[in-house]
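Please read the structure below before turning to the comments.
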Amino acid sequence: MKFVDEAYIDIAAGDGGNGCVSFRHEKYKEFGGPNGGDGGRGGHVFAVADPNLNTLVDFRYSRRHEAKRGEHGMGSDMFGAAGEDITLKMPVGTIISDAETGEVLYELLTPGEVITIAKGGDGGFGNLRFKSAINRAPRQKTPGWPGERKNLKLELKVLADVGLLGMPNAGKSTFITAVSNARPKIADYPFTTLHPNLGVVRVGPEQSFVVADIPGLIEGASEGAGLGHQFLRHLQRTRLLLHIVDMAPFDDAIDPVAQAKAIVGELKKYDTQLYEKPRWLVLNKLDMVPVEEREARVKDFVKRFKWKGPVFEISALTREGCEALIHAIYRHVQSEQRVENAPVEVDPRFVGDAPL
């Protein structure tokens, strides 16, 4: 599932330092020559494609990025130091365009790729530069050049890392609202969600993942019943599926175990690879279950469902248990990314001119 994540930033490269007018003052030399140094260049602004990032959410919290200006030149032939550069980490696939004109300026397509998005200004010349045979005591200097300043739009088309599965009214939209920036429609009737919703879950600085909520599935979805069958294909590119189960259905005659088995059956019918994808069981709405009954009800569900994988007990409405769940999800997504980005081992017999 592709999701357009965007952010607007202002960047400013450093200005160059000014040149210096200075003359030597030495003993027994009444008129020393010029020794004013040049100013240092301003810092550049770089962008690097970081394969460990998959959203632009961090740039929504820090919009202004400025590099340091170069130091001014000084006497005794001392040139100013260059300003410190800054490097902005962006996800692979980020499109950088001019915010005012919409012109695409750069694209980060290769992991580790580094581009210069704003150049620092050159330093000004000191009077040492203007010394000549006919101008033995120059008093000219030049100021530093200003660094580039740009208003940029960052755009990223990413794939959802986590997909939510479950019956209508299982609490998927409430969960994605509780943990991410998504704001889907929430109501107490089935099929409130009519189209996929995506949200960015921020775990910490430069730590985030994308979660997708699709319309609820019902029995027969793989054959076209309900709405969810139209969106099952979007879950094929995710790294993890969360099977959300309503542990406190409105109707006492509804068996959550039977509903959960029906969802798993639809996955298996639709696509075997989707069925075999890593899947975690998330038991939701436990705030509506009496405290003294929770443990017994959870054990009974897991036993009858014959579930051997990870189980999380949450209440999306009160956020109980959500924090531990999103941290576990982030660790799983990170481990998957490391495996995907691991270098491929090449047989040394086929490298360069190595003999067979």
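The values are calculated or read from the model by the stated rules, or taken from the named source; none is laboratory data. Just so it is clear, the model here is predicted, and its values are computed rather than measured. Glycine gets a Cβ as well: all are built from the backbone with ideal geometry, and neighbour counts include every protein chain shown. Only protein heavy atoms, including side chains, enter the accessible area calculation; ligands, DNA and RNA are left aside. Shrake-Rupley method; radii C 1.70, N 1.55, O 1.52, S 1.80 Å.
Among the residues of this structure, Phe59 does not count as one that is in a strand (DSSP E or B) and either open to solvent by 30 Å² or more (accessible area, probe 1.4 Å) or closer than 30 Å to Val339 by Cβ (or both).
Looking only at residues in the stretch 258-297 that are among the β-branched types (Val, Ile, Thr) and crowded, with 17+ Cβ neighbours inside 10 Å, the one that is nearest to the chain's Cα centre (by Cα) is Val282. The listed residues are Val48, Val57, Val4, and the only one of them that is at pLDDT 90 or above and among the β-branched types (Val, Ile, Thr) turns out to be Val48.
Looking only at residues of the stretch 187-209 that are within 26 Å of Phe250 (Cα to Cα) and modelled with pLDDT of 50 or more, we find that the one that is most open to solvent (accessible area, probe 1.4 Å) is His195. Criterion first (modelled with pLDDT of 85 or more and either assigned to a loop (DSSP other than H, G, I, E, B) or open to solvent by 20 Å² or more (accessible area, probe 1.4 Å) (or both)) does Ser97 satisfy it? Against the criterion (modelled with pLDDT of 85 or more and either assigned to a loop (DSSP other than H, G, I, E, B) or open to solvent by 20 Å² or more (accessible area, probe 1.4 Å) (or both)), Ser97 does not qualify.
On the given criteria, is Gly36 touching a residue at least 12 places away in the same chain (Cβ under 8 Å), open to solvent by less than 80 Å² (accessible area, probe 1.4 Å) and not assigned by the TED database to the domain that holds Thr238? For Gly36, the condition - touching a residue at least 12 places away in the same chain (Cβ under 8 Å), open to solvent by less than 80 Å² (accessible area, probe 1.4 Å) and not assigned by the TED database to the domain that holds Thr238 - is met.
Every condition in (1) under 18 Å from the mean Cα position of the chain (by Cα); (2) not in a loop (DSSP other than H, G, I, E, B) holds for Leu109 except the one numbered (2). Please tell me if Gly14 is closer than 19 Å to Leu152 by Cα, over 25 Å from the mean Cα position of the chain (by Cα) and open to solvent by less than 60 Å² (accessible area, probe 1.4 Å). Taking the combined requirement at face value, the residue satisfies it. In summary, Asn169 fulfils each of the numbered conditions (1) farther than 22 Å from Asn52 by Cα; (2) at pLDDT below 80; (3) surrounded by fewer than 19 Cβ atoms within 10 Å (Cβ to Cβ) with the single exception of condition (3).
Among the residues of the stretch 61-114, the ones that are without any contact (Cβ under 8 Å) to a residue 24 or more places away in the chain and among the acidic types (Asp, Glu) come to 2 in all.
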